[in-house]
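The values are calculated or read from the model by the stated rules, or taken from the named source; none is laboratory data. Bear in mind the structure is a predicted one, so any value in this text is a computation, not a measurement. Heads up, the Cβs are rebuilt from the backbone with ideal geometry, glycines too, and the neighbour counts pull from every protein chain shown. For accessibility, only protein heavy atoms count, side chains too; no ligands or nucleic acids. Shrake-Rupley method; radii C 1.70, N 1.55, O 1.52, S 1.80 Å.
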Amino acid sequence: MLDATSTRDLGPRIGTPLWLYLASTTVAGCALLGVSVYVFGVGRLEQLAREPLVWVTLCMVILGELRPIATPHTGSEGGAPTSLPFSFALLISYGLPVAGVVQAVATVIAGIARGHAPHRTAFNIAQYVLAFGGADFVLRVLTPGPVPVPWVPQGPELLVVALATAAYFITNLVLVECAIAMHERAPLHTVLGKDLGQRLFVNGVLLSLAPLVVVAMAHSVWLVPLFSLPLVALYTSATLSVKREHQANHDELTGLANRKLLIVRTQEALADAEQRKQRVGLLLLDLDRFKEVNDTLGHPTGDRLLQTVARRLTHSVRPGDLVARLGGDEFAVLLPQVRDAASAREVATRLRVSLAEPMRLDGMDFDIEASVGIALYPNHAPDFELLMQRADVAMYVAKERRTGVELYAPHKDRNSTARLSLFGELRRALVEGELEMFYQPKVSLADRRAVGLEALVRWRHPQRGVLPPEEFVPMVEQSYLMRSFTHEVMEQTLPRIAHWRAEGFHIPVAINLSARELLDPTLPDIVAAGLRRHGVSPEGLRLEISERVMVAEADAVTPTILALADLGVSLSLDDFGTGYFTLARLKGLPVEEIKIDESFVRRSVADPDGRVIVESAVDLVGTLGMRAVAEGVETEAVAEAMRAMGCHAAQGRFFAPPLEAAEVSGWLLRNLGRGRRAEEPSGTV
Ligand code: C2E
Ligand code: MG
Ligand code: MG
């Protein structure tokens, strides 16, 4: 039976239009049943109750009530009941009172068995009685004169039965769909349209069996149960196909809609909103730091966490809204009708609040936070693709500004808009392989030989040309793309290291690690697996960690740094001199190289005070058993000054700019000599 109050048995609030509607329908249905029983005569009903026919049919109706045939939109709770052939047969043979009473009894029993709330069962009974009433009315009007009881229609009378069937279907449909439309606050015609063909077909098949049941009843009541066989076949195949359709459109883990269904529903909502000049909202929600939970506590715990998140999200939206999981820890919520931006914000806030309460799993409490980006149709985008991209951009702003919820705003700031739309493209860039590593040599100041390389990332943007890291690495850091980014950097650099080492260039190649990467507790595993996969020994790799990270996040990143050092890779402190870091704090950390920031280098040449500071810093570096490397060396004079101050090596355009991977071997050959083990004679830096 189609159900108006959806799967949750929460009745509507008293006094709302939906409540009034459900209450008045229930009262009308029950009144109609009472009156028809009264007119028919209770005595006649009692007489009928002594015959096995009523009891056999009642059993079939109860079983049928428990096994409704689902359609994709209604689900099994709202499907067409396989009791229909039997109850409708009673209606044809004995009229409304008998069919109504049997149906009412069956609905109560099935309602109890399925745990339905009483108000829901009462509405279902009324719904049946009114729909049967409609059919009964057609039968009476179109068959003038008294008909025998039980009536077995024949010849042209079957046409009347067909019309009665149509009356039942239409009355039932309108009764339920009005309630659903009010419940979901959607216009009636959009609700009516859902699965209409399929519902017509299923109800048509079930109702067409009714006259056959009537004939069987007239012969022998014991023929009636035989109808269960074709019904079981129909039920099984329908259930299977709905299950398949469900699988294709839903996420297996959480049972939420998947991207495919989200696209379809959004497109439907957009078409609808265009006609009615209304707004559609698309919310994109990303859990903050979920990956850390997943990686530290394992996937099964992560999965259960996602299921809890899915449940909480589903319970925070209105009926008619759609919650989808797009993969990983990314969710989307479609609001097919949203009044304005403020209402969309309200929903977004509600979603965040629903996740704010700690989640208890395996006896531990997890705090999950989420960032939500909102985009509205038609304000921000005309179609799904763009809506999604805009919501993504807004979500990124929410993450970056740590505001939790952001509405897409195209004109806030031109610069940031350009940057933000870039973020939308970053995801694609990673998939399409638009990121490329360049390699800048580090050169010994004593003999001008190459002693190392630093891998520096670039984005070959199809329209905007080659973009430097500062235009996108901070974005990567703030987003869920961090892991894929690290993976990409490693997967490009490690094979190159293997290749150069095979060519005889045994100098370490450094990659840069941002704070976010270092906060990932699985980083050492990722690095170890990468080294193994590409057959690179740990001495071949060096990791550069910025001084800023050491100042801001020392405690959080130290375990990761120690674990990385345990692998045998060497560490380098990058950008020294930009923060207020004291080298003494490095004690205990296996750092081999200090890279003196370009700004510091420049100052040391320009003013005498700067020179003293750098000189003492370089001195201290040596005392602590580390080596100093000057960054951003652009002239011979600076290179010479840095050498005089005691720096071991330098890096900068004076020696070589960041080189494309293919140019590196040639450059090294000119500046190192093949087969030369740079580490030994000229000293590793
Ligand atoms: P960094 O690690 O300090 O890199 C050195 C920067 O100095 C590079 O900028 C390099 O191109 C630049 N440089 C080279 N020669 C000269 C010179 O003669 N003068 C001056 N003024 N600068 C010079 P780039 O490539 O733009 O990288 C900027 C920063 O982006 C890097 O600073 C690093 O922190 C970050 N970065 C680069 N690649 C990656 C990466 O793959 N992953 C992560 N997490 N960060 C990266
Ligand atoms: Mg660096
Ligand atoms: Mg640096």
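Only a single criterion out of (1) in contact (Cβ under 8 Å) with a residue 40 or more places away in the chain; (2) part of a helix (DSSP H, G or I); (3) in contact with a Lys or Arg (Cβ under 8 Å, 6 or more places away or on another chain); (4) open to solvent by less than 60 Å² (accessible area, probe 1.4 Å) is not satisfied by Thr254, namely (2).
Under the condition of being within 13 Å of ligand 1 (Cβ to nearest atom), open to solvent by 30 Å² or more (accessible area, probe 1.4 Å) and over 27 Å from the mean Cα position of the chain (by Cα), the residues counted in region 497-521 number 1. For region 310-346, the set of residues classified as crowded, with 17+ Cβ neighbours inside 10 Å, in contact with a Ser or Thr (Cβ under 8 Å, 6 or more places away or on another chain) and either over 18 Å from Val264 (Cβ atoms) or of a type in the set (S, T, N, Q) (or both) consists of Ala310, Arg312, Leu313, Ser316, listed by residue number.
Listed by first and then second residue, the pairs with beta-carbon distance under 8 Å, at least 6 apart or on different chains, first residue in region 332-348 and closer than 17 Å to Val393 by Cβ, second among the acidic types (Asp, Glu) and open to solvent by 20 Å² or more (accessible area, probe 1.4 Å), are Val333/Asp321.
Can we say Leu573 is within 14 Å of ligand 2 (Cβ to nearest atom), part of a strand (DSSP E or B) and over 21 Å from Thr623 (Cβ atoms)? Answer is no for this residue.
For region 537-554, a tally of residues being of a type in the set (A, V, I, L, M, F, W, C) and either in a helix (DSSP H, G or I) or surrounded by fewer than 21 Cβ atoms within 10 Å (Cβ to Cβ) (or both) returns 5. Do the conditions hold for Arg602, that is, is it within 16 Å of ligand 3 (Cβ to nearest atom), surrounded by fewer than 23 Cβ atoms within 10 Å (Cβ to Cβ) and of a type in the set (Lys, Arg)? In short, yes. I'd like the full set of residues that are part of a helix (DSSP H, G or I), of a type outside the set (A, V, I, L, M), in contact (Cβ under 8 Å) with a residue 12 or more places away in the chain and within 30 Å of Ala584 (Cα to Cα), limited to region 623-674. Across region 623-674, the qualifying residue is only Arg643. Of all residues in region 528-550, those satisfying the criterion of being within 16 Å of ligand 2 (Cβ to nearest atom) and not hydroxyl-bearing (Ser, Thr, Tyr) are Leu541, Arg542, Leu543, Glu544, Ile545, Glu547, Arg548, Val549, Met550.
The C-beta contact set for region 90-108 (first residue free of Cβ contacts under 8 Å to residues at least 24 places away in the same chain and more than 17 Å from Pro211 (Cα to Cα), second residue aliphatic (A, V, I, L, M) and surrounded by fewer than 24 Cβ atoms within 10 Å (Cβ to Cβ), distance under 7 angstrom, 6+ apart or interchain) is empty.
Just wondering, is there one or more residues in region 606-619 that are within 16 Å of ligand 3 (Cβ to nearest atom), more than 17 Å from Met642 (Cβ to Cβ) and either open to solvent by 10 Å² or more (accessible area, probe 1.4 Å) or in a helix (DSSP H, G or I) (or both)? No, there is no match, as no residue in region 606-619 is within 16 Å of ligand 3 (Cβ to nearest atom), more than 17 Å from Met642 (Cβ to Cβ) and either open to solvent by 10 Å² or more (accessible area, probe 1.4 Å) or in a helix (DSSP H, G or I) (or both). Does any residue of region 598-610 turn out to be within 15 Å of Ala510 (Cβ to Cβ), within 16 Å of ligand 2 (Cβ to nearest atom) and among the acidic types (Asp, Glu)? Looking through region 598-610, none of the residues is within 15 Å of Ala510 (Cβ to Cβ), within 16 Å of ligand 2 (Cβ to nearest atom) and among the acidic types (Asp, Glu).
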